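Before any comments, here is the structure.
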Amino acid sequence: MKAIFKHKAASGAQYGKVDIPIIKKDEILIRINHASICGSDMPIYNWTGWAPKRIKPPMVFGHELAGEVVEIGQLARDFNKGDFVSVESHIFCGLCYQCRNDQRHVCSNVKIIGLDTPGGFSEYAAIPARCAWKHTDNSIKDIASIMEPFGNAVYATLIEDVVAKTVLVSGCGPQGLFSIPIAKASGAKTVIALDTAPYRRKLAEKMGADYVFNPADKNIESKIRKILKNRDGVDVVVEMSGNTIAIDFGLHMLGFGGRFTAFGLPSKKIEIDYSNDIVFKGLRIYGIVGREIFKSWYKMESLLKSKAVDPRPVITHRFRFKDYKKAFKVMNSKDKKCGKVILVP
């Protein structure tokens, strides 16, 4: 089969022939319909950050994927050839304390498809059957590969209800952009979006944000305070950027008893006003890893099939696998003129 794979310990990747995976008894083989590039695929492609310590070339990467079941292992129940599935990228063990206490998303033995095992930038992929989400119809087939990142946004935004809340979404990459309509559809009173990239601020407007600002604006706090009127701060911050300044600002802008959702990953340790911005405000901070398996999946399917949320405007580019260099060039662009980038075999 043809695949995009990390061929050596250096920047870049290669597109060429590799063996079709041989499935284990508890796995299914899927023919990839489409896959999408995640921000965490970029360190692998660029060979930066954590990637050199974790990835062992040669290896097919990519963990956002969807496709048709073509082969079924002996122990894989409830699947038939022709079923269309999206993939939960976190391979949970099912046996550890976390898994047995309904916390499979933070399984202590977790492995991630495309990082620790071969991924989905390929014509076929072998995945554990327990990680496959079977679609019941074709209504969302065209966006099935983004179920994984969409689920991040669902979990991050709805870990507590947002009804009648003022929500600040910090960082308008794909997950941040998804969070905007998720919050609106779930009853948020006002959604304020922040991003430094003009292209993504326009996408945030398209996704339904009530207000969109550049966080680099020196008057940003006063502008948000004007929206809040007599309120002491926003009710919810969904922090998707990982920017150290944005994290500090988000904590500062939260009102008493507010909720901070931590999803974005800072590149270094951060300094915050722990006493005044957290303790004395009585804040609740949630660290978000992946999705609640499979609680988030039921929520996202309901939001998508009811058409309460349409994530399609976030998908800005589609490329054939063979044009993967163009796709990664778009993702690497400093001006961030892209949303979600899809790859098609």
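FYI, it's all coordinate maths here, none of it is from the lab. Just so we're clear, the structure is a prediction, and the values are computed from it rather than from any experiment. So basically every Cβ, Gly included, is an ideal-geometry build from the backbone, and we count neighbours across all protein chains shown.
Assorted remarks:
- Using C-alpha pairs under 8 Å with a sequence gap of at least 6, the mean separation divided by the residue count of the range 1-134 gives a relative contact order of 32 percent.
- Residue 271-residue 111 pseudo-label distance in nm [points 7 Å out on the Cα-to-Cβ vector]: 4.2
- Each principal axis of the Cα cloud of the range 1-63 was evaluated for its coordinate range; sorted largest first, these ranges are 34, 22, 21 Å.
- Per residue, the convex hull around the alpha carbon atoms of the range 25-128 comes to 112 Å³.
- Projected label points at residue 22 and residue 46, each 7 Å from Cα along the beta carbon direction, are separated by 3.8 nanometres.
- Theoretical FRET efficiency, 1/(1+(r/R0)^6), r = Cβ-Cβ of residue 142 and residue 218, R0 30 Å, to 0.05: 0.10
- Gaussian network model of the chain, springs between alpha carbon atoms under 10 Å - residue of 112, 37, 91 with greatest fluctuation: 112
- Nonlocal amide H pairs with residue 162, under 5 Å, H built at 1.01 Å: none
- Relative contact order (percent, whole number), the range 160-287, Cα cutoff 8 Å, 6+ residue spacing: 22
- Across the range 3-12, computed HN-Hα scalar couplings (Karplus, 6.51 cos²θ - 1.76 cosθ + 1.60, θ = phi - 60°) run 7, 9, 9, 7, 8, 7, 7, 7, 5, x Hz from first to last residue, x flagging Gly and Pro.
- Only the Cβ atoms of Lys and Arg (+1) and of Asp and Glu (-1) were treated as charged; on that basis the dipole of the chain about its Cα centre amounts to roughly 740 debye.
- Our compactness index for the chain, the C-alpha radius of gyration over the empirical 2.2 N^0.38 Å, is 0.99.
- Extension gain (nm, one decimal) between residue 75 and residue 248, 0.36 nm per residue minus Cα-Cα: 57.4 nm
- Dipole magnitude (debye, nearest 20) for the range 219-345, charges at Cβ of Lys, Arg, Asp, Glu: 860
- Spacing of the two label points (7 Å from each Cα toward its C-beta) at residue 337 and residue 285, in nm: 3.8
- Cross-link reach list, aspartates and glutamates versus residue 337, counting only Cα pairs under 19 Å and skipping chain neighbours closer than eight places: 41, 195, 205, 323
- Descending Cα extents along the principal axes, the range 160-287, whole Å: 37, 32, 28
- Computed [θ] at 222 nm, deg cm²/dmol, the chain (DSSP H ≥ 4; -39,500 (n - 2.57); rounded to nearest 500): -6500 deg cm²/dmol
- Taking amide H atoms as placed 1.01 Å from N in the peptide plane, the amide H of residue 66 lies under 5 Å from those of 33, 34, each 5 or more residues away in sequence or on another chain.
- Exposed-site-free run, longest, the chain (rule: chymotrypsin sites (Phe, Trp or Tyr not before Pro); DSSP loop; at most 13 other C-beta within 10 Å): 98-279
- Relative contact order computed over the chain (Cα-Cα under 8 Å; 6+ residues apart), in percent: 17
- Other-chain or far-sequence residues with amide H under 5 Å of residue 112's (modelled H): 91, 117
- Efficiency of FRET between residue 206 and residue 229 - r from beta-carbon atoms, R0 25 angstrom, step 0.05: 0.40
- C-alpha center-to-center spacing [the range 41-97, the range 229-256] in angstrom: 34
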